[in-house]
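Let me begin by presenting the structure, written as structure tokens, before commenting on it.
Each value in this text was obtained by applying a stated rule to the coordinates, not by laboratory testing. The structure displayed is predicted, hence computed values, not measured ones. Reconstructed Cβ throughout: ideal geometry from the backbone, glycine too, with neighbour counts over all protein chains shown.
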Amino acid sequence: MADCSEHKNPLIHSGTNQIQRILPGMDKNKYARVDEKEYADWIVFANNFAVFINYYNNANVLAGNWKPFFSSDISAQLGTIALQNIDRYQLEIKERFDFIRNDDNKTSLNDIRIKLEELFSAILTLSKSLDNYVQKLPEETSLKQTIDNLIKTKLSPSLYRLIAYYKAAQNHGYLNHHVGHEWMILNMPLTDAAKIINTEELSNVWFEDSPYANWKAYKNHIDPDESIFNNPLTAFADNFLSIEHAANHNLFTGIFDTFLSNYSKIIQEAEKELLKTLESYDKHTPHYALFLSFLMLFRFTQTHINTITQRHLDFYYKEVLQLQPRAAEANKVHILGELAKQVETYLLEQGTMLKAGKDSLNKDVTYGLDSDTVFNKAKVAQLKTFYKASSDDTIYEPGSTTLIKQNNTGRVFASPFTNSDNGIDPVLTSVSHATLDLGSCASKESRIASDI
């Protein structure tokens, strides 16, 4: 048997390739920074921390806390929106849909009703929070106009259908109003849908184009829509199948997709406008302007301390280990080409540029030929694998270590076929054998077909 341990896989690169030169753990864009907080993080932190700082009146009696000082400024409001975790919102919605769609949960009907109620409540809670921000944001902010326009054009029609489905689910007893999950949606705790619809209500921005004077009149005229619960097999008789049918209905799931996409758009807009208020807004209150000035000055220190990981790596590899970076090496590729049927030969001169798509920066990538290359119709007619035997390949008589049956030292063997399992039959059926055939070593028994 041949010893393959000394032979390396030729497809394993040496590490000098540009892609392999920097290990993932040494990539400064991937390892954790010392301080990863953005402006929105500090703004929200100050907003939450202000609750614990009290102030007292002249009689030394507690008269409130600092919360109003750090929550009313436009940057504070934008920061609380910009910091929202859209992935968490999407995951919470998905988990509830998955629970309802899972047939293994059909015996947990009460939990199914709770999950459905929480889905309705999630959209109503998000709607109520957006409604609050529309009322609080200053008129000059573009985000206020963005939210207002999205409500009127995208979210209001979807909310109308959601309330119609909600009324139908309530009529059929598909809901459980026990909403106790600690889930914050746009800085507002998950609130029971019925409470928002019937008690807290929404402003007229959600029905501005309708003939109704107030929210109560608007929501009362919405008729129940039970179409998504009408299972073709059981109609409304089986509660689980009816709810499961609704959870898979594109009219119902489409509402959540609409709110998710617009919620994400609002967060991105808030991030952009927050930076604008830090740089060019001139109506901050004095105390909050001072706080924002501190954050902007702190960014210089933060940027510097975030270089410590890279500086530590540089010190270790360059000063301690005394390693020197290798010289830059141009990237290389192998080109495969085939002539057109009517062309017998064709010359591509040295330096001919070949397009290779775009790089990570969306710039065109081209490669130049190293030398003149002539393409012709020649093709590889046959492939064989050669093997040079060593003293370890000597064959002895069974049970004997001295009597040599065949001395293969220095002999060369070849297989008539390389793309085969045994080196003889040109039929490849095994992936593992394919790897051996393409490698540089295999056992003598599987590779030797003829002695040359």
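For the listed peptides 192-202, 347-357, 229-239, a ranking on the average number of other beta carbons within 10 Å per residue, highest first, reads 192-202, 229-239, 347-357. Rounded to the nearest 20 debye, the dipole magnitude of the stretch 219-356 is 800 debye, with +1 charges on Lys and Arg beta carbons, -1 on Asp and Glu beta carbons, and the Cα centre as origin. Computed packing ranks the peptides 73-81, 361-369 as 73-81, 361-369, most packed first, by mean other Cβ atoms within 10 Å.
Maximal additional length on extending the V343-Q322 stretch stands at 1.9 nm, based on 0.36 nm per residue less the C-alpha distance. Charge dipole of the stretch 336-379 (Cα centre as origin; +1 on each Lys and Arg Cβ, -1 on each Asp and Glu Cβ, all else neutral): 220 debye, rounded to the nearest 20. Label sites at N149 and N60, each approximated as a point 7 angstrom past Cα along Cα to Cβ, lie 5.7 nm apart. The radius of gyration of the Cα set in the stretch 229-357, together with its Dmax, comes out at 31.2, 81 angstrom. Counting only lysines at least 8 places from K152 when in the same chain, those with an alpha carbon closer than 19 Å to its own are K128, K136, K144, K216, K219, K265.
Taking only the Cα atoms of the stretch 140-182, the ratio Rg/Rh comes out at 1.21, with Rh defined as the Kirkwood radius. For the stretch 74-283, how big is Rg over Rh, using alpha carbon atoms and the Kirkwood form of Rh? Using Cα coordinates only, the ratio equals 1.00. For K363, a cut-off of 23 angstrom between C-alpha atoms picks up these lysines, skipping any fewer than 8 places away in its own chain: K28, K30, K332, K355. In the stretch 47-189, taking the dipole from charged Cβ atoms about the Cα centre, the farthest positive-side position among M184, T107, L155 is held by L155.
Of the residues L347, N362, T373, the one whose Cα sits farthest towards the positive end of the charge dipole of the stretch 336-379 is N362 (charges of +1 on Lys and Arg Cβ, -1 on Asp and Glu Cβ, taken about the Cα centre).
Each Lys and Arg contributes +1 and each Asp and Glu -1, all at the Cβ; summed about the Cα centre of the stretch 74-283, the dipole is approximately 200 debye.
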